[in-house]
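Every read-out reported here was derived from the displayed coordinates using simple, explicitly stated rules and does not represent laboratory data. Everything quoted here is computed from the prediction, not taken from an experiment. Reconstructed Cβ throughout: ideal geometry from the backbone, glycine too, with neighbour counts over all protein chains shown.
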Amino acid sequence: SVHLLDIVWYTESMHAGIPVIILDRHRLQKPGLELAVVSVPSYACQRHTPLLHHNITLTDALSILAENAELGENEGRGVAFRRAAALLKSLPQEVRGAEQLRGLPCLGEHSLRVIKEVLEDGVSLEVETTTHSEQFKAMKALTGIFGVGAKTADRWFREGIHTPSDLQRSGHTLNRAQRAGLQYYDELNLPVTKSEAVAIGQIVERAVHAVLPGAEITLIGGFRRGKQTGHDVDFLITHPDEGREEGLMPKVVSWLEAQGFLLYQKTTGNSYLESKEGPARPASNMDRFERCFSIFRLNPHTHSDSPHPLPQTLVVVAVRVDLVVSPYSQFAFALLGWTGSKLFERELRRWAVHEKAMTLSSHALYDRKRYLRASSEEEIFAHLGLEYIPPCDRNA
Ligand code: DCT
Ligand code: MG
């Protein structure tokens, strides 16, 4: 019922090249302007999603439900809530009424119901019930232990174990990761700050250069997307002379251990098979890079710029650090695959398969049988027929 003249292309709100249409209510004899985003692409990898956005209350509510679904190992439901939240994060303005969401993709019935409730009542009953549920609280506390996944946490919850202290008292046999997770529980559940990440980066650089001069170290994960805090720090290591990076991790780990920087580490060797035709196609989304899951030790108060006063009992600052080694020829794919966010990565792979009949992993991109080479992220986006999205806009 809107006359063409009533539609204004509001270029200031042109968001990521997405046309945003403002319906001029004056012309419709109603006061105020109503935002109606009529064309938002449905894949998160087609959109710019900045870290700071306009719909935090709504995305927080949806994230709780996503987390609850993931803890209940209901992956499909979790992804649906994550997609809905990501859509809202990409909007150029605050949503004030459900009618503004008409025609937008990614918003399923359930997500829409939650959004409407929050818009009308300020809270969603389902979200409130979830956050107060004993099971959700216990599952969060238990999976908050490094080395504990949803399956294990659920088994313990059914045995009446709700907290890390319950677990400690239970006498359960824990593996090495879980023992470290329990030992450093409080420290590991404090957010890692950017300056701690930088301090760890300097240590990693010293370690890597001590055993392989010329190697390149890149901060990846959330910090590369501009986050100021994270649950861990992720680094990608490579060397311009392909092959020099082989077997690097054990040497780096020995150096770090000798200097007393590691509280825990587990290294896994690489398992990719490089052939003339390119890296082997992955059987799953799992990476096969040489990788080290570790817990670093930093001296408290020297490296921490935590806005919260650090507990007096804190003897060390324990920080989760992931190190990944990639051959130079796969570096761009590893960089893209490890920058995240998790949903952005999932959407890239979904786009590749469903829209381009290609397969993307952190090792390679295949157009059916043909390996597509790339030495930068920009080239990979181009191969995929996507506009380049910089890391700071991949916060889907
Ligand atoms: N990743 C992924 N799929 C997963 C796990 C990880 O694509 N299932 C990629 C995307 C992000 C990157 O690896 C690092 O993972 P995390 O450290 O878990 O994510 P993050 O974005 O760095 O989050 P945080 O800031 O909390 O560390
Ligand atoms: Mg991270």
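A few points about this structure:
- Residue check, Val198 away from ligand 2 (no atom under 16 Å from the Cβ) and in a helix (DSSP H, G or I): no
- Residues that are of a type in the set (D, E, K, R) and either touching a Pro at 6+ places or on another chain (Cβ under 9 Å) or part of a loop (DSSP other than H, G, I, E, B) (or both), drawn from segment 168-186: Asp186
- The residues of segment 205-222 that are more than 15 Å from ligand 1 (Cβ to nearest atom) and out of contact with any Asp or Glu (no Cβ under 6 Å at 6 or more places or on another chain), listed by number, are Glu205, Arg206, Ala207, Val208, His209, Ala210, Val211, Leu212, Pro213, Gly214, Ala215, Glu216.
- Scanning segment 152-176 for residues that are surrounded by 17 or more Cβ atoms within 10 Å (Cβ to Cβ) and not charged (D, E, K, R) yields Thr152, Ala153, Trp156, Phe157, Ile161, His162, Pro164, Leu167, Leu174.
- Segment 335-363, residues that are small (Gly, Ala, Ser) and not in a loop (DSSP other than H, G, I, E, B): Gly337, Ala352
- Scanning segment 220-269 for residues that are away from ligand 2 (no atom under 16 Å from the Cβ), in contact with a Ser or Thr (Cβ under 7 Å, 6 or more places away or on another chain) and in contact (Cβ under 8 Å) with a residue 24 or more places away in the chain yields Thr238, Glu242, Glu245, Met249, Val253, Leu262, Tyr264, Gln265.
- For beta carbons closer than 9 Å, sequence separation of 6+ or different chains, a first residue in segment 378-396 that is touching a residue at least 60 places away in the same chain (Cβ under 8 Å) and within 17 Å of Phe331 (Cβ to Cβ) and a second that is hydroxyl-bearing (Ser, Thr, Tyr) and surrounded by 18 or more Cβ atoms within 10 Å (Cβ to Cβ), the qualifying pairs are Pro391/Thr339.
- Where a residue in segment 337-348 is more than 13 Å from Ala86 (Cα to Cα) and small (Gly, Ala, Ser) and its partner, wherever it lies, is more than 13 Å from ligand 2 (Cβ to nearest atom) and not in a helix (DSSP H, G or I), with Cβ under 6 Å and at least six apart: Gly337/Ser362
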